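One structure is given below, encoded as structure tokens.
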Amino acid sequence: MRDISKNLLATISIDPQTISSNATTNGVGVDVRDYDAAMVVFQSNDALTDGVFALSLEESDDNSTFTAVASTEMIGTLANFTSSNEGVQQVGYIGSKRYIRPVITSTSVTCGGILSAHVTRGLPHNAPTS
């Protein structure tokens, strides 16, 4: 078995939090410059009570103005989290922008659940990562 921990860098973009209303929760922008690979991982607890949580990815050149990532710039697809579809979902990013962030848009929520997201960068130009 080989170790990859010094060739990956994970960053929490949306801290684990209870989302209990209709809202858009934007993650913190993560700088993917100096890496040749990135993926976003969304996680929900196994106790989503109600609502629909749409998962998406945004990109930016300046970490200020974000736009939706085109499906052609993602590896994989994201399905909504619901009370019958919980767990972990991940999508790879192959776009060219410097910053990416996960977004969770919740609708029809009264109790909700706990959700989070992180960005993992890989294939660094300089390793080991810190």
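The values are calculated or read from the model by the stated rules, or taken from the named source; none is laboratory data. This is a predicted model, so every value here is computed, not measured. Here the Cβ positions follow ideal geometry from the backbone for every residue, glycine too, while neighbour counts run over all protein chains shown. Surface areas here come from the heavy atoms of the whole protein model, side chains and all, with no ligands, DNA or RNA. Shrake-Rupley method; radii C 1.70, N 1.55, O 1.52, S 1.80 Å.
Quick notes
- Condition met for residue 60 (over 12 Å from residue 113 (Cβ atoms), open to solvent by 80 Å² or more (accessible area, probe 1.4 Å) and not acidic (Asp, Glu)): no
- Count of residues meeting criterion [within 16 Å of the chain's Cα centre (by Cα) and either open to solvent by less than 20 Å² (accessible area, probe 1.4 Å) or closer than 18 Å to residue 79 by Cβ (or both)] in the stretch 30-57: 15
- Pair list, Cβ < 7 Å and 6+ apart or interchain, from the stretch 107-124 residues that are outside any strand (DSSP E or B) to residues that are aliphatic (A, V, I, L, M) and open to solvent by less than 80 Å² (accessible area, probe 1.4 Å): 108/52; 109/19; 112/19; 112/48
- Screening residue 84 against (1) of a type in the set (Gly, Ala, Ser); (2) touching a residue at least 12 places away in the same chain (Cβ under 8 Å); (3) out of contact with any strand residue (DSSP E or B) (no Cβ under 8 Å at 6 or more places or on another chain) leaves a single unmet condition, (2).
- Residue within the stretch 9-28 that is part of a strand (DSSP E or B), over 15 Å from the mean Cα position of the chain (by Cα) and closer than 23 Å to residue 123 by Cβ present: no
- Qualifying residue in the stretch 114-130 (condition: open to solvent by 50 Å² or more (accessible area, probe 1.4 Å), over 15 Å from the mean Cα position of the chain (by Cα), under 15 Å from residue 8 (Cβ atoms) and of a type in the set (S, T, N, Q)): yes
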